[in-house]
1. Collect the residues in the stretch 25-39 that are modelled with pLDDT of 90 or more and surrounded by 10 or more Cβ atoms within 10 Å (Cβ to Cβ), keeping them in residue-number order.
2. Specify which of the listed residues (Thr39, Thr34, Thr20) is of a type in the set (S, T, N, Q) and not in a helix (DSSP H, G or I).
Amino acid sequence: MVPAEVAEAIERAEDAADVTAAREALARIDAGETPIPLTQLRDEFGR
């Protein structure tokens with residue numbers, strides 16, 4: 001069992017990482033990079 005404060009800190013860190021990844025992806029798209037299709041991404045991860 002993890003204290004609530006630790007769980008909340010982990011959740012905030014995960015949220016911040018998600019936001020950072022999304023911003024980086026949007027910046028790459030704005031720079032002209034073509035995003036890969038979701039189906040290709042699923043194939044690469046075996047899902």
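1. Answer for the stretch 25-39, where residues must be modelled with pLDDT of 90 or more and surrounded by 10 or more Cβ atoms within 10 Å (Cβ to Cβ): Ala25, Leu26, Ala27, Arg28, Ile29, Glu33.
2. Numbers: Thr39 fails: not in a helix (DSSP H, G or I); Thr20 fails: not in a helix (DSSP H, G or I).
Result of the check over Thr39, Thr34, Thr20: Thr34.
The values are calculated or read from the model by the stated rules, or taken from the named source; none is laboratory data. In this text, all values refer to a predicted model and were calculated from it rather than measured experimentally. Counting neighbours? That spans all protein chains shown, and the Cβs are built from the backbone with ideal geometry, glycine included.
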